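A.B. asks: My structure is below; once you've seen it, I'll send some questions.
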Amino acid sequence: MPEGLLTSYATARNAISQAPRGDMSFTEPEWSPQRARDEEAAIRARDGELRALAAVHEQTGEVAGLTYLRVNRQVGFRVGETSENREVRLAELTGRLRPG
């Protein structure tokens, strides 16, 4: 992830934990820029790759949504999730931000 998007990327990753979990009691630790960098390093150390596609709001430069995949090159295993930055989306819907 480019350095300029790292903080809002971490915010978008936190949005994933806001998804309904039903009766599940698991709580994901909070994402920070450092945790994102640590994840990238850990995946690379296991011969893996992190692929992220981020939608960036043109006016704010914030990551408004993302999809990411963790790929293990040895077994072709992929795990991914999609989320959106709720604050950016709500601001856009309420007129505080106008789409580019």
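A short reminder: the numbers here are calculations on the coordinates, not readings from a lab. Everything numeric here is computed off the predicted structure, so don't read it as measured data. Note: ideal-geometry Cβ built from the backbone for every residue, glycine included; neighbour counts use all protein chains shown.
A.B. asks: Being surrounded by 11 or more Cβ atoms within 10 Å (Cβ to Cβ), aliphatic (A, V, I, L, M) and not in a helix (DSSP H, G or I) is the filter here; which residues of the range 1-51 pass it?
C.D. replies: Scanning the range 1-51 gives 1, 50.
A.B. asks: Which condition number in (1) without any contact (Cβ under 8 Å) to a residue 24 or more places away in the chain; (2) more than 12 Å from the chain's Cα centre (by Cα) is the one that residue 14 fails?
C.D. replies: The failed condition is (2).
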